[in-house]
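The values are calculated or read from the model by the stated rules, or taken from the named source; none is laboratory data. Just so we're clear, the structure is a prediction, and the values are computed from it rather than from any experiment. Please note: Cβ atoms are built from the backbone with ideal geometry, for glycine as well, and neighbour counts cover all protein chains shown.
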């Protein structure tokens, strides 16, 4: 989760991770990325519910599978959850494995305080 500081620079304020389980392991790469966006909105809901949110995704297909007219029930649930937020989904180009490194390099942080959030079960 990033937040702009007083100078307009984006700073990380929280991180989360989730291990995929069961049927989630069979999702396509794009479905896994869309699922990650849905899970992130659930975890960070207290921070983003009343804010304008920009979600950065690594591929345009994530946007496509969430806007597909012939949508599966699973994707329909995801879209319904994401519609609760004032969210703009934008794509960014990342080199494989360098997403966090890019974030850290561009943030100019000397020390990062990591706040772990417990996922509600």
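Within the set 34, 40, 14, the sole residue that is under 21 Å from residue 92 (Cα atoms) and modelled with pLDDT of 90 or more turns out to be 40.
One residue stands out in the range 57-78 among those that are surrounded by 16 or more Cβ atoms within 10 Å (Cβ to Cβ) and closer than 16 Å to residue 42 by Cα: the one that is modelled with the highest pLDDT, namely 78.
Checking the stated criteria, residue 93 turns out to be over 13 Å from the mean Cα position of the chain (by Cα) and either modelled with pLDDT of 85 or more or not in a strand (DSSP E or B) (or both).
With the condition kept exactly as written, say whether any residue in the range 28-39 is under 15 Å from residue 74 (Cβ atoms), in contact with a strand residue (DSSP E or B) (Cβ under 9 Å, 6 or more places away or on another chain) and in contact (Cβ under 8 Å) with a residue 40 or more places away in the chain. Yes, that holds for at least one residue. Residues that are without any contact (Cβ under 8 Å) to a residue 60 or more places away in the chain, more than 15 Å from the chain's Cα centre (by Cα) and more than 19 Å from residue 85 (Cβ to Cβ): does the range 41-62 have at least one? No, the range 41-62 contains no residue that is without any contact (Cβ under 8 Å) to a residue 60 or more places away in the chain, more than 15 Å from the chain's Cα centre (by Cα) and more than 19 Å from residue 85 (Cβ to Cβ).
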